[in-house]
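Asks: My structure is below; once you've seen it, I'll send some questions.
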Amino acid sequence: MRHLIDITDLSVQEIDELIATAEDIMEHPDKYAEACHGKKLATLFFEPSTRTRLSFEAAMLDLGGKTLGFSDAATSSASKGETVGDTVQVISCYADIIAMRHPKEGAPYAAAQVARVPVINAGDGGHNHPTQTLTDLLTIHRERGSLENFTIGFCGDLKFGRTVHSLVSALSRYQGIRFVFISPPELRIPDYVKENTLDPLGLPYEEVESMEESMPQLDILYMTRVQKERFFNEADYLRLRDTYILDPAKLQTAKPEMRILHPLPRVNEITVSVDKDPRACYFKQVANGKFVRMALILKLLEVRV
Ligand code: CP
């Protein structure tokens, strides 16, 4: 039985196969429409979500399966003190696969230790978000035709942005990637990401504060929201939340073929006037997320089509 807790649980070959399957599902949805008939996905969301939970549910429904779950810990017996371990053992009686989001880093890993069905980490605190990473990789692959040889700028809250940590980890295993980390000093990429992932592989990266100065060199600009829910101090959040606001004027020095990604939700960091720029890909990213989650469900349930 396989789980997906960290993106490194998948080999590069497996990631490439998931991307290929997702693209095949996009082209031939009917082929997959009954692939999970009789199977159930449980979505256990102890933290808010729009895209991840609903794209998982849409993915299972489009595979012919069914869904159950909760979208708020307050409506589950977690509110009475039930542990994650007990919750997951219970849900293992009802569902064939679990997608779980939790505010505590490592909670999906703990769940996987006792689950009797595959567990997918749908985001754990400020740590990891591997299925967003699969979504991001599929989007980059579709936009560029390859996952190699480009410069990616991550901009915003690189400290708490779990999607950033997972995507850096994934891209570090592809050839020819240069990383530019654009953040205020307080929201820099964590040392553990540099020390465990980038430095051992000798991968090129720079840490800067100016989005404008970095813009001309970027092939991908990955914007992020300042993660209000991870701050201990509201004053710090209010001071930092609008550090970067991408608007059409700032894009004037960007490459015509640059692509703008954002895991969403956005708050102020991309103005709506950017949405019509052909380089804006964040709503395509949302659409891609369902297909790569379909591919992942098929893989973890060992369903062959
Ligand atoms: N990208 C993402 O995780 O969005 P949600 O929080 O809406 O699931």
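The values are calculated or read from the model by the stated rules, or taken from the named source; none is laboratory data. From a predicted model like this one, the values you see are computed outputs, not experimental measurements. Neighbour counts are summed over all protein chains in view; Cβ atoms, including those assigned to glycine, are modelled from backbone coordinates with ideal geometry.
Asks: Hey, can you tell me all the residues within segment 27-44 that are under 23 Å from A122 (Cβ atoms), surrounded by fewer than 21 Cβ atoms within 10 Å (Cβ to Cβ) and among the hydrophobic types (A, V, I, L, M, F, W, C)?
Replies: A35, the sole residue that qualifies.
Asks: Restricting the search to segment 135-184, which residues are in contact (Cβ under 8 Å) with a residue 12 or more places away in the chain and among the hydroxyl-bearing types (S, T, Y)?
Replies: T135, T139, T151, T163, S166, S169, S172, Y174, S183 - these are the residues of segment 135-184 that are in contact (Cβ under 8 Å) with a residue 12 or more places away in the chain and among the hydroxyl-bearing types (S, T, Y).
Asks: Now for a separate question. Inspect all residues belonging to segment 207-230 and state whether any of them is more than 24 Å from L138 (Cα to Cα), touching a strand residue (DSSP E or B) at 6+ places or on another chain (Cβ under 8 Å) and acidic (D, E).
Replies: Yes, because at least one residue in segment 207-230 is more than 24 Å from L138 (Cα to Cα), touching a strand residue (DSSP E or B) at 6+ places or on another chain (Cβ under 8 Å) and acidic (D, E).
Asks: Just one of (1) touching a His at 6+ places or on another chain (Cβ under 8 Å); (2) more than 13 Å from the ligand (Cβ to nearest atom) trips up N121, so point out which.
Replies: (2)
Asks: Looking at V114, V119, which is the one that is surrounded by fewer than 22 Cβ atoms within 10 Å (Cβ to Cβ) and of a type in the set (V, I, T)?
Replies: Criteria check complete, one pass: V114.
Asks: Could you figure out which of (1) surrounded by 22 or more Cβ atoms within 10 Å (Cβ to Cβ); (2) more than 22 Å from the chain's Cα centre (by Cα) isn't true of R304?
Replies: Against the list (1) surrounded by 22 or more Cβ atoms within 10 Å (Cβ to Cβ); (2) more than 22 Å from the chain's Cα centre (by Cα), R304 comes up short only on (1).
Asks: Which residues, counting only those in segment 96-118, are within 17 Å of the chain's Cα centre (by Cα) and either of a type in the set (A, V, I, L, M) or within 11 Å of the ligand (Cβ to nearest atom) (or both)?
Replies: Of everything in segment 96-118, those that are within 17 Å of the chain's Cα centre (by Cα) and either of a type in the set (A, V, I, L, M) or within 11 Å of the ligand (Cβ to nearest atom) (or both) turn out to be I98, A99, M100, R101, A107.
Asks: Could you list, in sequence order, all residues of segment 208-259 that are exposed (fewer than 15 other Cβ atoms within 10 Å of the Cβ), modelled with pLDDT of 95 or more, among the acidic types (D, E) and under 21 Å from T163 (Cβ atoms)?
Replies: Correct list: E209 only.
Asks: Restricting to segment 4-16, name every residue that is out of contact with any helix residue (DSSP H, G or I) (no Cβ under 8 Å at 6 or more places or on another chain) and assigned to a helix (DSSP H, G or I).
Replies: Within segment 4-16, the first condition is being out of contact with any helix residue (DSSP H, G or I) (no Cβ under 8 Å at 6 or more places or on another chain), and the residues that meet it are 11-13, 16.
Residues satisfying the conditions are V12, Q13, D16.
Asks: Now a separate question. Answer yes or no as to whether C93 is away from the ligand (no atom under 16 Å from the Cβ) and within 16 Å of V119 (Cα to Cα).
Replies: yes
Asks: Take the conditions within 15 Å of the chain's Cα centre (by Cα) and within 15 Å of the ligand (Cβ to nearest atom) and apply them to L171. Does it pass?
Replies: Spelling it out, it is not the case that L171 is within 15 Å of the chain's Cα centre (by Cα) and within 15 Å of the ligand (Cβ to nearest atom).
Asks: Right, another one. Got a sec? Which of G69, G65, G145, G123 is under 17 Å from the mean Cα position of the chain (by Cα) and not acidic (D, E)?
Replies: Of G69, G65, G145, G123, the one residue that is under 17 Å from the mean Cα position of the chain (by Cα) and not acidic (D, E) is G123.
Asks: Hey, another quick one. Say we look at segment 23-49 and pick out the residues that are farther than 20 Å from L134 by Cβ and part of a loop (DSSP other than H, G, I, E, B); which of these is nearest to the ligand (Cβ to nearest atom)?
Replies: Result: P48.
Asks: So the check is Cβ under 6 Å with 6+ separation or different chains; which pairs have a first residue in segment 27-53 that's of a type in the set (V, I, T) and a second one that's assigned to a helix (DSSP H, G or I) and within 11 Å of the ligand (Cβ to nearest atom)?
Replies: Final answer for the pair search is T43/R53; T43/F56.
Asks: Return yes or no: is Q132 touching a Lys or Arg at 6+ places or on another chain (Cβ under 9 Å) and within 12 Å of the ligand (Cβ to nearest atom)? Before the answer, list the steps.
Replies: Working: touching a Lys or Arg at 6+ places or on another chain (Cβ under 9 Å): yes; within 12 Å of the ligand (Cβ to nearest atom): yes.
Yes; evaluated as a whole, the condition is true for this residue.
Asks: Determine whether L61 is among the aliphatic types (A, V, I, L, M) and within 15 Å of the ligand (Cβ to nearest atom).
Replies: No: the conditions fail for L61.
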